[in-house]
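A short write-up of the structure that comes next.
The values are calculated or read from the model by the stated rules, or taken from the named source; none is laboratory data. Model, not experiment: these values are computed from the prediction. Here the Cβ positions follow ideal geometry from the backbone for every residue, glycine too, while neighbour counts run over all protein chains shown. To get the accessible areas, we keep the full protein, side chains included, count just its heavy atoms, and leave off ligands, DNA and RNA. Shrake-Rupley method; radii C 1.70, N 1.55, O 1.52, S 1.80 Å.
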Amino acid sequence: MLVEARFHGPDHSGNGGYVAGLLAAEVSPAAAPEAVRVALRLPPPLETVMRVADEDGARGHVTLWDGDRLVAEARADAFTADPVPAVAPDFAERAAEKFNAGGDHPFPRCFVCGPDRAHGDGMRLAPGPVDGLDDTVACPWTPWDAPTTALVWAALDCPGGWAFDPAGSRPAVLGTMTARVHELPEAGEPCVAVGVARRREGRKMFAGSAVYGADGRLIGRAEQIWIEVDPARFRG
């Protein structure tokens, strides 16, 4: 497996949701009928050929290695919470206008939510606070090409983190993500991405996220653990 440089979160690390989605695709659907849980152990390197190992002989538990360093592992799992509810498209559009209001985005070139990425290069999701819904962020997402499963995992990623408003405080990165993609949206289909802050335990932040299609169907859902980090760990 190789993560191309454009799919980064922090400048020198693969976007957590995208990398998790790539690794989740290595888990057998028969072994994980409900969801796949991916735990990121190290910042995923870019432009580096990594090895995927089948740990149980049935592809129900796979690991990702950079040489002898464990980068991530994925295994079958199940949800313990209901999906994050949908947000109406007009509410999501107004929420996106309030995204990163302070202008101090911790990773402004993130492939998913970085405002410094060009249209058609990054996804440019802008999950901002939803009027009348505490701890909830949302934004529109219209995929410009037919998206892959990994891109839906990416769309599920950053809205969970922004539900805790990381700008202006110690940044956080994705530690664990349990997700299921029910189907892929069409290219050009107007979707809505939603994130909810569930609780905080010390440096750990627990969030949920979902992507809904133009007709309100559930495209995909996730539960996440975000971890506050020292930004220096993600510098080159």
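Near Ala214: Cβ cut-off under 12 Å, other residues only, Lys/Arg at +1 and Asp/Glu at -1. The net charge is -2. With pairing defined as another cysteine C-beta under 4.7 Å, the cysteines of the chain that fail it are Cys110, Cys139, Cys191. Accessible area per residue for the chain, computed on protein heavy atoms with a 1.4 Å probe, is 44 Å². Which entry is the computed P(r) over Cα pairs in 10 Å bins from 0, in percent for this structure: (i) 8, 36, 39, 15, 2; (ii) 8, 33, 33, 18, 7, 0; (iii) 8, 34, 37, 19, 3, 0? After the calculation, the listed value that fits is (i). For Arg41, the residues 5 or more places off, or on other chains, whose built amide H falls under 5 Å of its own are Ala72, Glu73. Taking θ as phi - 60° and the Karplus parameters 6.51, -1.76 and 1.60, the scalar couplings of the range 101-107 work out to 4, x, x, 10, 4, x, 9 Hz in sequence order, x denoting glycine and proline. If R0 is 22 Å, the Cβ-Cβ spacing of Ala146 and Ala118 corresponds to a FRET efficiency of close to 0.65. Extending each Cα 7 Å along its Cβ direction at Ile227 and Ser28, get the distance between those two points in nm, one decimal. Inter-label distance under the simple model: 3.0 nm.
Could you tell me whether the range 31-136 comes out rounded, prolate or oblate from its Cα gyration tensor? Rule is a ≥ b ≥ c as square roots of the eigenvalues, rounded for a/c under 1.5, then prolate if a/b exceeds b/c, otherwise oblate. Because a/c hits 1.5 or more and a/b fails to exceed b/c, the range 31-136 counts as oblate.
For the range 57-121, GluC sites (Glu not before Pro) are listed when DSSP marks them as loop and at most 16 other Cβ atoms sit within 10 Å of their Cβ; the list is Glu97.
Extension gain for the segment His182 to Lys98, taken as residue separation times 0.36 nm less the Cα-Cα distance, is 27.3 nm to one decimal.
A straight chain from Asp165 to Leu218 at 0.36 nm per residue would run longer than the Cα-Cα distance by 16.6 nm. Can you give the FRET efficiency for Thr48 and Ala88, using 1/(1 + (r/R0)^6), R0 = 41 Å, r = Cβ-Cβ distance, to the nearest 0.05? My answer for the efficiency is 0.45.
The accessible surface of the chain, taken with every protein chain in place and a 1.4 Å probe, is 49 percent carbon and sulfur.
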